[in-house]
1. List pairs: first in segment 20-49 and within 18 Å of Glu103 (Cβ to Cβ) and open to solvent by less than 60 Å² (accessible area, probe 1.4 Å), second basic (Lys, Arg) and modelled with pLDDT under 95, Cβ under 6 Å, 6+ apart or cross-chain?
2. Are there any helices (runs of 4 or more DSSP H) wholly within segment 3-81 with 2 or more residues that are modelled with pLDDT under 95 and touching a Gly at 6+ places or on another chain (Cβ under 9 Å), and if so which?
3. Could you run through segment 95-107 and say how many residues are touching a Cys at 6+ places or on another chain (Cβ under 8 Å) and either open to solvent by 20 Å² or more (accessible area, probe 1.4 Å) or free of Cβ contacts under 8 Å to residues at least 40 places away in the same chain (or both)?
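The values are calculated or read from the model by the stated rules, or taken from the named source; none is laboratory data. This one's a predicted model, so the numbers in the text were calculated from it and none came from an experiment. So basically every Cβ, Gly included, is an ideal-geometry build from the backbone, and we count neighbours across all protein chains shown. For the accessible areas, the whole protein counts, side chains as well, though only heavy atoms, and no ligand, DNA or RNA atoms are used. Shrake-Rupley method; radii C 1.70, N 1.55, O 1.52, S 1.80 Å.
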Amino acid sequence: MERLARILVPVDGSGASDQAVRFAAILADATGASVDILHVSYFDSSTDADEVSWLPESVAGPIGPEAEKILERAKRLIPDAVIYEAHHRTGSPAQTILDFAEERQSGLIVVGSSRFDALHAALLGSVSTQVLYEAKCPVTVVKENPHPERISC
């Protein structure tokens, strides 16, 4: 069996992605792997029209500060002993995660999963579900813990 060298953990600033980062850090520390933290934005200033935007300002404005805030939050969860890199990409989240994993030759993807009710799951799908079924490497899904004070990674 090959040694685990790279762990990819996509983040969105949610509690579920925080737990995925913590879990990935534990695995990385135990195996000597490095961690790639990835935040994917649907839009940024370069993907919108140059004229008057049809998107609200909260979406059309520069996404950089928000992405940096999410990445900084994730970086604070990684212990000093773990080697990591933070990345920001723009595109469809699931496909961008899959493409990034292949590009970086990730040995494992650790994704957080929030609970969706049936309507949201049917209408929106799930990034973690798409990554789970389409990834070419193993995927670990870390469920969001509704009681983080009871159990923590």
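1. Listed by first residue and then by second, the contacts come to Val40/Arg89.
2. In segment 3-81, 15-31, 64-75 are the helices (runs of 4 or more DSSP H) which contain 2 or more residues that are modelled with pLDDT under 95 and touching a Gly at 6+ places or on another chain (Cβ under 9 Å).
3. 1
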